[in-house]
Amino acid sequence: MALAYDYVDLRHDEELVCSICMMPFIDPLTCPGCRQSFCETHTPTLTNCPLCRQSWREKPLLPPARMVVNILNRLLVRCPNAHCDRGRAGGLPLQRGELAAHVQQCPVLCSEGCGALVAPCALQEHNVSCPAAMVPCGAGCGHRASRAELPTHERECPLLRVACAHGCPLLVPRRDMAAHDLVCPAAEVPCPFGCSLRLARRDLPAHDTICLEKIAACPAADIGCGHREPRRSLVNHERVCAIFKDRRGLLLEKALETMQRENERIRAALQRLERQFANMFDESGFSKPGSFHRDTGTAFDPQGFDRDGRTIDGRNRDGFDRDGFNREGFDQRGYNRLGFDREGFDRFGYNREGYSRDGYDRNGFSRKGFNISYDR
């Protein structure tokens, strides 16, 4: 949007004046026929040049010469802000080309009425904290007030949530505070039984069990005594109540009967478990569905053997592993895993070097190269 200029000198060069509005050009455009220029704001309503009648649809308007634009931008104007002295007497001169940038930084009165002078580029930020800005009540009551007056309204707003005066953690609308006081667990209330204590409503159930002014029944009420009086003096009644004196014996009898029934129940349960336990193990003592032993509770019997008769490292009762070798590495015939006996000879009587127990190889020659027939 073009700015409205307030020129310091109203005498203008005729070459710089629009022939329609008779003011210096604003964003001029030039007719291609007569070379006359007009303000851009007039051209949208015209299709022909008002001077030479040239159709602008056939030949569009031309941009102005750069020299003309520079001359127009050097014209002296006044700042439109009444609080600014730029372009006025005593103020710095202001050229037309500088006005757009100057207006963005020139302070103006706040539109909300707080009286502050704020640069247009900072108005949005100022309005966020402007004390005169009209804002709605944060509680949602629909009331609108200036930001400076809003705290006064909030002190009376019926919908604003406020902290409970009794110290409970709830935030309650101000209009509901009276109803909240009747149920607030932290509100201090007098004892309903008439004692002199005042305590939080949440503590009433605990106080109910110890309050000396509460009307209580005789401890023997469960066996027939209907006497009731304040707990404070009930002890006097217990001294003379015949039913209360017999109550201890009756309670012991009931407790004994209860214990007997419980013992019978436990005994029957143990018998069922013993029968189930007995059927869980085979003759060797190992469980039938699993592999743990009855006496140890593990997969091995007291001697350390599992259901297959092997130890934890896989040896049977004779000390041989699953491959048939003992701890020394020999099988039952005395041969190790390589096929040699304890003296180092294989099943055919030859050692690792291929010599027999008599010292001859498989061809009949001794270590010195003589055969068995011609040995020295």
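Miscellaneous remarks
- Matching entry among Asp301, Asp341 (being at pLDDT below 80, acidic (Asp, Glu), assigned to a loop (DSSP other than H, G, I, E, B) and open to solvent by less than 70 Å² (accessible area, probe 1.4 Å)): Asp301
- Scope segment 212-242; condition open to solvent by 60 Å² or more (accessible area, probe 1.4 Å) and either of a type in the set (Ser, Thr, Tyr) or in a helix (DSSP H, G or I) (or both); matching residues: Asp222, Val235, Asn236, Arg239, Val240, Ala242
- Residue in segment 42-53 that is surrounded by 12 or more Cβ atoms within 10 Å (Cβ to Cβ) and assigned to a helix (DSSP H, G or I) present: yes
- With respect to the conditions (1) open to solvent by less than 80 Å² (accessible area, probe 1.4 Å); (2) touching a Ser or Thr at 6+ places or on another chain (Cβ under 9 Å); (3) under 30 Å from Pro120 (Cα atoms), Cys84 falls short on a single one, namely (2).
- Residue in segment 14-25 that is farther than 27 Å from Leu123 by Cβ, touching a Ser or Thr at 6+ places or on another chain (Cβ under 6 Å) and open to solvent by 40 Å² or more (accessible area, probe 1.4 Å) present: no
- Arg88 fulfils the conditions (1) at pLDDT 85 or above; (2) over 60 Å from the mean Cα position of the chain (by Cα); (3) on the phi < 0 side of the Ramachandran plot except for a single criterion, (1).
- Failed criterion for Arg86 (all others in (1) without any contact (Cβ under 8 Å) to a residue 12 or more places away in the chain; (2) in contact with a Leu (Cβ under 6 Å, 6 or more places away or on another chain) hold): (1)
- Within segment 89-121, if we keep just the residues that are open to solvent by less than 30 Å² (accessible area, probe 1.4 Å) and not β-branched (Val, Ile, Thr), the residue that is nearest to Val69 (Cα to Cα) turns out to be Arg96.
- Single residue of segment 92-112 satisfying the filter (in a helix (DSSP H, G or I) and of a type in the set (A, V, I, L, M, F, W, C)) that is nearest to Tyr7 (Cα to Cα): Leu99
- Strands (runs of 3 or more DSSP E) (entirely within segment 122-211) containing at least 1 residues that are touching a residue at least 12 places away in the same chain (Cβ under 8 Å) and open to solvent by 80 Å² or more (accessible area, probe 1.4 Å): 134-136, 161-163, 188-190
- Of all residues making up segment 2-41, the number that are touching a Lys or Arg at 6+ places or on another chain (Cβ under 6 Å) and in a helix (DSSP H, G or I): 0
The values are calculated or read from the model by the stated rules, or taken from the named source; none is laboratory data. Source: prediction; values computed, not measured. Neighbour counts run over all protein chains shown; Cβ positions are idealised from the backbone, glycine included. Heads up: the accessible areas ignore ligands, DNA and RNA and are worked out on the full protein's heavy atoms, side chains in. Shrake-Rupley method; radii C 1.70, N 1.55, O 1.52, S 1.80 Å.
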